[in-house]
Each structure stands twice: as structure tokens, then as C-alpha cells.
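Working notes for the structure below.
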Amino acid sequence: MIPDNTNIPDAWKWERIRNRRNELLRDTDFAMLPDAPPYTQALRDLPQTFANPDDVVFPEKPRGV
């Protein structure tokens, strides 16, 4: 059975989102490829660009990053 996300406090959801964002940033920091800056900026803008943690959509990772 899949746990019901509605019972998870928003603070925990935001923490999970920030942790995932930080992992993705670490994965791209070494590369610094030409396509990476818009992607990394979109990651850095998380979670400020969303009011609700359930609405967060991570940016698509460019090829080669």
C-alpha cells in the first residue's frame, strides 16, 4: 500500500524537496556545462517559486549534465 501524502506535514515535504534539490545541485556543480546554468538556476529557485509543496515540479535535467 502506498502511504497517503496528505498526512505528511508541509514542513517535512519542504525539507524533502530542499534535500532533493541539493542533491541535484551537487550532481551538476562539477560539470558547469553551457546548458547547466538555466537548469541550476531553476533548482536554486526551488522552493521559493512554489507556494504549495504538492505543486513542486523539478526542472528537466539537460542532456549531458
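The values are calculated or read from the model by the stated rules, or taken from the named source; none is laboratory data. Owing to the predicted nature of the structure, the values given are computational and were not obtained by experimental measurement. A quick note on method: Cβ atoms are made from the backbone with ideal geometry, for glycine too, and the neighbour counts reach across all protein chains shown.
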Selected residue (criterion: modelled with the lowest pLDDT) from residues of the stretch 31-65 that are surrounded by 14 or more Cβ atoms within 10 Å (Cβ to Cβ), part of a helix (DSSP H, G or I) and out of contact with any Lys or Arg (no Cβ under 7 Å at 6 or more places or on another chain): ALA36
List, please: which pairs have Cβ atoms under 8 Å, are six or more places apart or on different chains, and start with a residue in the stretch 1-14 that is closer than 20 Å to GLN48 by Cβ and at pLDDT below 90 and end with one that is hydrophobic (A, V, I, L, M, F, W, C) and assigned to a loop (DSSP other than H, G, I, E, B)? none
Run THR28 past the list (1) more than 10 Å from the chain's Cα centre (by Cα); (2) at pLDDT 85 or above; (3) surrounded by 14 or more Cβ atoms within 10 Å (Cβ to Cβ) and report the number of the one that doesn't hold. (2)
